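J.: Sharing a structure, written as structure tokens. Questions coming.
The values are calculated or read from the model by the stated rules, or taken from the named source; none is laboratory data. Because the structure is predicted, anything quoted here is derived from the model rather than measured. Methodologically, a virtual Cβ is constructed for each residue, glycine included, from the backbone with ideal geometry; neighbour enumeration extends over all protein chains shown.
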Amino acid sequence: MGWTDFYRRRDALDAVLRTAAGDPAAPLTFDRDLFATQDDLLLALHHRWMQQLTGRLGTALEDSDDRVETVTRTWRVLAAEQPVLRAVLDAHLTATEAVEREQRLLALTAGLAELSEPSAEITRVGAAFASLIRSAPATVVPGRHRRLAKSA
């Protein structure tokens, strides 16, 4: 992909989000010359989300003692800054692989799971953690993060 294609795709994603701002759950309209299917479009939007999330997590964790709180806060801040992107993904993204990739990222980055654990277990913990992130802020007891992972 050359720079011209990159900018065309970026602009097309921006246009989708502008159009979806009024109703993120409405059917998506997009340039079918750039994205053959809605799934292709959604994977590109999810890639955008994941790039922003991983970059912010890397920076935020440098100065953090509480990985669970840092991951929670970082995800929530990004969701607040990108509400249409997050809402479109929540309403339309059905690609299990992409959703599970994000769940594993959350679990591993927060220290709630380890790479040595089975992928299905990491995903399960990540799904539970993602649900907590999306809910009202909860009080986290220091030192209890590992217990949460085992009981989630």
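J.: For segment 1-26, give me each residue that is part of a helix (DSSP H, G or I), surrounded by 11 or more Cβ atoms within 10 Å (Cβ to Cβ) and not basic (K, R).
T.: Across segment 1-26, the qualifying residues are D11, A12, L13, D14, A15, V16, L17, T19, A20.
J.: Out of the residues in segment 27-48 meeting the condition of being polar (S, T, N, Q) and at pLDDT 95 or above, tell me which one is surrounded by the fewest Cβ atoms within 10 Å (Cβ to Cβ).
T.: By that ranking, first place goes to T37.
J.: Among the residues of segment 91-122, what is the count of those that are closer than 30 Å to D23 by Cβ, in contact (Cβ under 8 Å) with a residue 12 or more places away in the chain and in a helix (DSSP H, G or I)?
T.: Summing the residues that are closer than 30 Å to D23 by Cβ, in contact (Cβ under 8 Å) with a residue 12 or more places away in the chain and in a helix (DSSP H, G or I) in segment 91-122 gives 9.
J.: Give the residues of segment 36-67 that are free of Cβ contacts under 8 Å to residues at least 24 places away in the same chain, under 18 Å from A95 (Cβ atoms) and in a helix (DSSP H, G or I), sorted by residue number.
T.: Scanning segment 36-67 gives D40, H47, Q51.
J.: Across segment 1-23, what is the number of residues that are in contact (Cβ under 8 Å) with a residue 60 or more places away in the chain and over 16 Å from A44 (Cα atoms)?
T.: So the answer is 1.
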